[in-house]
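Engineer: Handing you this structure, nothing more for now.
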Amino acid sequence: MELRHLSTARLRLDAVVPDDLDEHFALMSDPGVWAHLPSGRHTSRERTAEAIAHSVGHWERDGLGYWTARLLVDLTGTPLCAGDVVGTGGCALRVGTTWWNLYYRLTPPAWGHGLAGELVDAALDAARTVAPERPVLAYLLEHNVESRVRAERAGLSLVWRGPDAGNPDPAAVRLVYADRPLDDDVLDRVTATS
């Protein structure tokens with residue numbers, strides 16, 4: 001199955017490549033995209049280029065990674081048109097882990113239109129195609145209700161709640177969702193990297 005280029009009902013999903021730099025920097029430098037984690041906002045093209053390089057590495061090493069999500073259709077009620085980049089996401093293996101990291105980030109005008117659901121469903125299907133024995137996890141901030149709801153709608157369940165290590169906000173709480181129960185060894189490793 002060709003996973004580098006997929007389509008959903010309204011999205012074209014293409015493996016992230018260096019030529020996506022301009023569109024990814026526009027997305028990742030948008031403060032609205034980072035409303036729930038302002039410290040994550042990209043302030044330089046170099047940071048975005050590094051993220052793209054990591055994603056390219058995921059595809060080369062693991063056969064799966066993150067996609068650039070472009071609209072296949074005009075999105076009614078928004079300024080977004082067919083061909084526009086509306087987000088990025090997919091499943092990738094974090095270095096040193098044995099589980100898929102589910103990631104999804106969309107531009108604010110695309111929120112509330114079901115596009116995250118299309119992206120998440122494609123990512124879960126792809127992860128289960130490449131290595132179904134690996135659990136799929138989503139790391140979320142507790143106050144990001146929209147991402148929590150999306151993870152739950154995709155069938156993931158809360159497996160851990162605790163402090164968000166490294167977050168400049170000392171009160172931030174990290175949630176970890178998974179597509180299956182995790183054994184104690186995996187859960188210990190998950191919480192050590194949260």
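The values are calculated or read from the model by the stated rules, or taken from the named source; none is laboratory data. Keep in mind that this is a model prediction, so the values were computed, not measured. FYI the Cβ positions are ideal-geometry reconstructions off the backbone, even for glycines, and counts take in every protein chain you see. Heavy atoms of the whole protein, side chains included, go into the accessibility calculation; ligands, DNA and RNA do not. Shrake-Rupley method; radii C 1.70, N 1.55, O 1.52, S 1.80 Å.
Engineer: So Glu23 ticks every box in (1) in a loop (DSSP other than H, G, I, E, B); (2) farther than 14 Å from Tyr104 by Cβ but one. Which box is left unticked?
Structural biologist: Every condition holds for Glu23 apart from (1).
Engineer: Looking only at region 148-176, how many residues end up being among the polar types (S, T, N, Q) and either in contact with a helix residue (DSSP H, G or I) (Cβ under 8 Å, 6 or more places away or on another chain) or open to solvent by 80 Å² or more (accessible area, probe 1.4 Å) (or both)?
Structural biologist: 1
Engineer: What do you reckon, is Val120 free of Cβ contacts under 8 Å to residues at least 40 places away in the same chain, among the β-branched types (Val, Ile, Thr) and either open to solvent by less than 60 Å² (accessible area, probe 1.4 Å) or in contact with a Lys or Arg (Cβ under 9 Å, 6 or more places away or on another chain) (or both)?
Structural biologist: yes
Engineer: Starting from residues that are assigned to a helix (DSSP H, G or I) and of a type in the set (Val, Ile, Thr), keep the ones in region 103-146 and report whichever is nearest to the chain's Cα centre (by Cα).
Structural biologist: Applying the filter and picking the extreme gives Val120.
Engineer: Answer yes or no: is there a residue in region 168-181 that is of a type in the set (Gly, Ala, Ser), modelled with pLDDT under 95 and in a helix (DSSP H, G or I).
Structural biologist: no
A quick yes/no check of all residues on (1) over 25 Å from Glu142 (Cβ atoms); (2) in contact with a helix residue (DSSP H, G or I) (Cβ under 6 Å, 6 or more places away or on another chain); (3) modelled with pLDDT of 95 or more:
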position	(1), (2), (3)
His5	yes, no, yes
Thr8	yes, yes, yes
Leu37	no, no, no
Thr48	yes, yes, yes
Trp59	yes, no, yes
Leu64	yes, yes, yes
Leu80	yes, yes, yes
Thr88	no, no, yes
Arg94	no, no, no
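Engineer: Related question: Quick one: in region 93-117, which of the residues that are touching a Pro at 6+ places or on another chain (Cβ under 9 Å) and farther than 21 Å from Val33 by Cβ is most open to solvent (accessible area, probe 1.4 Å)?
Structural biologist: Going through the qualifying residues, I end up with Thr98.
Engineer: Which residue out of Ala49, Ala26, Ala9 is more than 16 Å from the chain's Cα centre (by Cα), more than 23 Å from Val95 (Cα to Cα) and surrounded by 12 or more Cβ atoms within 10 Å (Cβ to Cβ)?
Structural biologist: Ala26 is the lone residue from the list that is more than 16 Å from the chain's Cα centre (by Cα), more than 23 Å from Val95 (Cα to Cα) and surrounded by 12 or more Cβ atoms within 10 Å (Cβ to Cβ).
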